[in-house]
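Trainee: Before we start, here is the structure in question, set down as structure tokens.
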């Protein structure tokens, strides 16, 4: 019988970061947000600012591409597959006719669809918002809380997930019910996107399709990063950027720093990751001192988080320290849909392009 083995060692820092984010996201009433693909503008179609630091006003990043584009049509899986997952559990997958991919940003579902296995997906989480999956039954409630009854009703033959969703007792219940559960490393970054694709493809018995999708994703990221480098300022003229997570209903404000995924996103945008510069690791509660010390020129936020604090005017009121930074003075806030900003999957290049338009051609971004 064919057997594929791989091992994943979860990086504890980012796993804890994402686990904390799950709890915080669930505190708010705002859903993850819908995913509008194809409504934005490409980097090649806009005129960029001469000096991005001089711009005043917010902008919203909208995908110009990133639609589902399977690398194969109904690929034939090589089953059974035996793997060792990120929790060092040996899992045997014998049937992928009813796949349930679940994680914080909908990345797993997106990968399954782009592998050509979308017809086998039976349910979704609240972050899986692309149109091909929007009619599937949802198995999360109160934000990102897994519902055991809803999952069991779908009778999945395999569950793909990570440690970013909870409560974990629900996952253990699925295992006890005899459902193969493949747990991935919850680390998310541009650098780990190809690895995540390969891991999911291997677990589902379609390694060749995984190789194609991983290569395509990496090539697209490299291409758009090169385009951004050509229009981004250099040296001291680079924008000092910071990713701020907020849930105003709960008074929750976190800064994303080194090894959170935000660092690779910001550097790929040609910016200076000021959270890493001041020694901020992972995701930690914001302090006024850190915000002032970071002195960002531009702050990136999830659209739901920005909405929860009353928009651009509200964030400078609820975070007074921000008002004393160049980003606050100039209201230089870039927001993007919650389900897209840190998804780090096959649409990573489209996310980077949308953010680059919002950062370097904000007037064009706001015309969308």
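Trainee: Quick check on residue 223: is it more than 30 Å from residue 70 (Cα to Cα) and outside the structural domain of residue 170 (by TED's automatic domain parsing)? It would help to see each step written out before you state the result.
Mentor: Numbers: more than 30 Å from residue 70 (Cα to Cα): no; outside the structural domain of residue 170 (by TED's automatic domain parsing): yes.
Spelling it out, it is not the case that residue 223 is more than 30 Å from residue 70 (Cα to Cα) and outside the structural domain of residue 170 (by TED's automatic domain parsing).
Trainee: Here is a further query. Would you check if there is a residue in the stretch 61-76 being within 27 Å of the chain's Cα centre (by Cα), surrounded by 16 or more Cβ atoms within 10 Å (Cβ to Cβ) and farther than 27 Å from residue 41 by Cα?
Mentor: yes
Trainee: State which residue is surrounded by the most Cβ atoms within 10 Å (Cβ to Cβ) when the search covers only the stretch 237-265 and only residues that are part of a helix (DSSP H, G or I) and in contact with a strand residue (DSSP E or B) (Cβ under 9 Å, 6 or more places away or on another chain).
Mentor: Step one: of the stretch 237-265, the residues part of a helix (DSSP H, G or I) are 237, 248-250, 262-265.
Subsequent filtering for residues that are in contact with a strand residue (DSSP E or B) (Cβ under 9 Å, 6 or more places away or on another chain) retains 262-265.
Working: 262: 28, 263: 22, 264: 21, 265: 25.
Among those residues, the one meeting the criterion is 262.
Trainee: Restricting the stretch 199-221 to residues that are without any contact (Cβ under 8 Å) to a residue 60 or more places away in the chain and in contact with a helix residue (DSSP H, G or I) (Cβ under 6 Å, 6 or more places away or on another chain), which is surrounded by the fewest Cβ atoms within 10 Å (Cβ to Cβ)?
Mentor: 218
Trainee: Looking only at the stretch 155-183, which residues are more than 22 Å from residue 197 (Cα to Cα) and surrounded by 18 or more Cβ atoms within 10 Å (Cβ to Cβ)?
Mentor: The answer is 170, 174.
Trainee: Let me ask something else. Can you tell me which of 143, 65, 106, 123 is in contact with a strand residue (DSSP E or B) (Cβ under 8 Å, 6 or more places away or on another chain) and modelled with pLDDT under 95? Give the steps one after another, and end with the answer.
Mentor: Numbers: 143 fails: in contact with a strand residue (DSSP E or B) (Cβ under 8 Å, 6 or more places away or on another chain); 65 fails: in contact with a strand residue (DSSP E or B) (Cβ under 8 Å, 6 or more places away or on another chain); 123 fails: modelled with pLDDT under 95.
When all the criteria are applied, what remains is 106.
Trainee: Pick from 301, 291: which is within 22 Å of the chain's Cα centre (by Cα) and surrounded by 15 or more Cβ atoms within 10 Å (Cβ to Cβ)?
Mentor: Details: 291 fails: within 22 Å of the chain's Cα centre (by Cα).
So the residue among 301, 291 that is within 22 Å of the chain's Cα centre (by Cα) and surrounded by 15 or more Cβ atoms within 10 Å (Cβ to Cβ) is 301.
Trainee: Looking at (1) outside any helix (DSSP H, G or I); (2) modelled with pLDDT under 95; (3) surrounded by 18 or more Cβ atoms within 10 Å (Cβ to Cβ), which is the only condition residue 17 fails?
Mentor: Exception for residue 17: condition (1).
Trainee: Give just the number: which of (1) crowded, with 24+ Cβ neighbours inside 10 Å; (2) modelled with pLDDT under 95 does residue 351 not satisfy?
Mentor: Going through the list (1) crowded, with 24+ Cβ neighbours inside 10 Å; (2) modelled with pLDDT under 95, residue 351 breaks only (2).
Trainee: While we're here: Please list, ordered by residue number, the helices (runs of 4 or more DSSP H) wholly in the stretch 282-336 having 1 or more residues that are under 16 Å from residue 55 (Cα atoms) and touching a strand residue (DSSP E or B) at 6+ places or on another chain (Cβ under 6 Å).
Mentor: Details: elements: 288-294, 303-308, 311-318, 326-329.
Counting at least 1 such residues, we get 311-318, 326-329.
Trainee: Does residue 260 satisfy the criteria of being more than 30 Å from residue 149 (Cβ to Cβ), in the same structural domain as residue 158 (by TED's automatic domain parsing) and under 22 Å from the mean Cα position of the chain (by Cα)?
Mentor: Working: more than 30 Å from residue 149 (Cβ to Cβ): yes; in the same structural domain as residue 158 (by TED's automatic domain parsing): no; under 22 Å from the mean Cα position of the chain (by Cα): yes.
The answer is no for residue 260.
Trainee: Kindly check whether there is at least one residue in the stretch 173-189 that is assigned to a loop (DSSP other than H, G, I, E, B), in contact (Cβ under 8 Å) with a residue 24 or more places away in the chain and within 29 Å of residue 46 (Cβ to Cβ). I'd like the intermediate steps shown before the answer.
Mentor: Filtering the stretch 173-189 down to residues assigned to a loop (DSSP other than H, G, I, E, B) leaves 177-180, 185-189.
In the following step, the residues that additionally are in contact (Cβ under 8 Å) with a residue 24 or more places away in the chain were identified as 177, 180, 185-189.
Now narrow it down to the ones that are within 29 Å of residue 46 (Cβ to Cβ): 188-189.
Yes, some residue in the stretch 173-189 is assigned to a loop (DSSP other than H, G, I, E, B), in contact (Cβ under 8 Å) with a residue 24 or more places away in the chain and within 29 Å of residue 46 (Cβ to Cβ).
The values are calculated or read from the model by the stated rules, or taken from the named source; none is laboratory data. All values derive from a computational prediction rather than experimental measurement. No Cβ is skipped: glycine too gets one built from the backbone with ideal geometry, and neighbour counts run over all protein chains shown.
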